[in-house]
Amino acid sequence: MIGRRSWVLLAGCGTLLFGAGTWACSSSSDSGVTNGDDGGSGGDGSGSGDAGSLAMCGPPPYINLGLVVQAASTSDNPARVPGAVLTSPLCPDASFTADDNGAIHGLVTEGVPFYGRFNANAFAATLSPEQEFDADVPELAISLPPSLLTAIVPGYDAAKPTIFVEVLLDGGHAHDGGANCNDPSGIALSVQDHPEAQITYYSSDSIPAPVSGATATTGGGKASIVGVDASASPVVIVGTKTGCTVSFVKDTSTGRIPLENGYISIAGAYLRD
């Protein structure tokens, strides 16, 4: 069973968005509740029950997925986001609403691509990276970025897709006379097969600002991407830093980034040796 995880990035504990999203990790499964009723495509988000009546997303076989939706924050105890709504193309007729503790619990098809849309008042409409689950994940904490994120992205268009990339340190080291794989700066990004992608890198300020003319990440490790049509979904982002490995694949994250008009797709770039 997969225990300690964080989502959207399913990365383990770390910091995301504005240097302000502390991802909680937990292996407990008793904080989630069920939203939705029985049904092969997921229910309507109105009911609750025990494991036998969990809302279903997609066809069997299933894994048990528990989410805790919270606000991106510098606090060790981020505010939960009750009422946040999760939908997914895997179960297009279903919706799952976070309870008063920001918890969502359901059954998701095992071993098939899955991503979630998250919508909540005062937060940016967010897409998770694509996942494939092969075991139960009892609790994942997802931190939603504030709606002001859309105001800092050059070229943002509410009718088109946007990607926001966060570099996450993943066990890399500083090498004598060589690369520092424990430093999020210096990573150049591109979108595979999409030279039309427009990439902006951001400062390391608490509210990051676009850095004019930058060709790689700063110490803040943040970038946005616009200009790729939603019909290209999912896309693969390529990151390069001399002497290091940059990967968007980790645990259940496949490395493929879904795109939908009007949503910000969150992507984690894992920096390793």
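Each reported figure results from applying straightforward, stated rules to the coordinates on display, with no laboratory input. No experiment lies behind these values; they were computed from the predicted model shown. Heads up, the Cβs are rebuilt from the backbone with ideal geometry, glycines too, and the neighbour counts pull from every protein chain shown.
How big is the range 149-272 by Rg and Dmax over its Cα atoms, in Å?
Considering the range 149-272 through its Cα atoms, Rg and Dmax are 14.1, 47 Å.
Counting Lys and Arg as +1 and Asp and Glu as -1, each charge on the Cβ, what is the dipole of the range 73-199 about the Cα centre in debye, to the nearest 20? Please list the in-between numbers first.
Details: 3 positive and 17 negative charges, 106 e Å.
Its charge dipole is roughly 500 debye.
Only four residue types carry charge here, +1 at the Cβ of Lys and Arg and -1 at the Cβ of Asp and Glu. Report the dipole size of the range 149-272 about the Cα centre in Debye, rounded to the nearest 20.
Numbers: 6 positive and 11 negative charges, 18 e Å.
The dipole magnitude comes to about 80 debye.
Would you mind checking which residues have amide H under 5 Å from Gly186's amide H? H placed 1.01 Å from N; only 5 or more apart, or other chain.
Long-range HN contacts for Gly186: Thr217, Thr218.
If each residue's Cβ is checked for other Cβ atoms within 10 Å, how do Ile152, Ile104, Ile187, Ile237 rank with the fewest at the top?
Placing the least packed residue first, the sequence is Ile152, Ile187, Ile237, Ile104.
By DSSP, what percent of the beta bridges with both residues in the range 149-272 are antiparallel, rounded to the nearest 5?
Around 70 percent antiparallel, to the nearest 5.
So how far, in whole Å, is the C-alpha centre of the range 58-77 from the one of the range 185-242?
26 Å
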